[in-house]
Amino acid sequence: MPPNKTIKLRCPICKKPTKAADPDFPFCSDRCRLIDLGKWASGGYVISSPVTDIEEAVRQDTPDEEDGD
């Protein structure tokens with residue numbers, strides 16, 4: 001039977017080791033939690049969504065026609 005692997009949890013901001021029982025989990029401190037919140041608030045993180053309207057997708061893919069006459 002393979003040995004159990006220990007998962008090392010790290011703060012997503014500063015990469016310091018953290019424990020799941022810590023009050024600021026998954027962050028190591030309130031400072032890192034606020035840095036992450038600031039990134040969300042400033043638009044540093046973006047959740048993209050797929051284009052669902054076919055016509056909108058076509059309009060974005062084709063350049064606007066200019067009068068060449």
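Taking (1) loosely packed, with under 10 Cβ neighbours inside 10 Å; (2) at pLDDT 65 or above; (3) part of a loop (DSSP other than H, G, I, E, B); (4) out of contact with any strand residue (DSSP E or B) (no Cβ under 8 Å at 6 or more places or on another chain) in turn, K8 satisfies each apart from (4). Among the residues of the stretch 42-65, the one identified as at pLDDT 65 or above, part of a helix (DSSP H, G or I) and small (G, A, S) is S42. Residues that are surrounded by fewer than 11 Cβ atoms within 10 Å (Cβ to Cβ) and within 19 Å of the chain's Cα centre (by Cα) within the stretch 17-29 are absent altogether.
Matching residues to (1) charged (D, E, K, R); (2) modelled with pLDDT of 80 or more; (3) part of a helix (DSSP H, G or I):
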{"residue": "P2", "(1), (2), (3)": "no, no, no"}
{"residue": "C28", "(1), (2), (3)": "no, yes, no"}
{"residue": "W40", "(1), (2), (3)": "no, yes, yes"}
{"residue": "D67", "(1), (2), (3)": "yes, no, no"}
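The values are calculated or read from the model by the stated rules, or taken from the named source; none is laboratory data. What you see is a predicted model; the values in this text were computed from it and never measured. Virtual Cβ from ideal backbone geometry, glycine too; neighbours counted across all protein chains shown.
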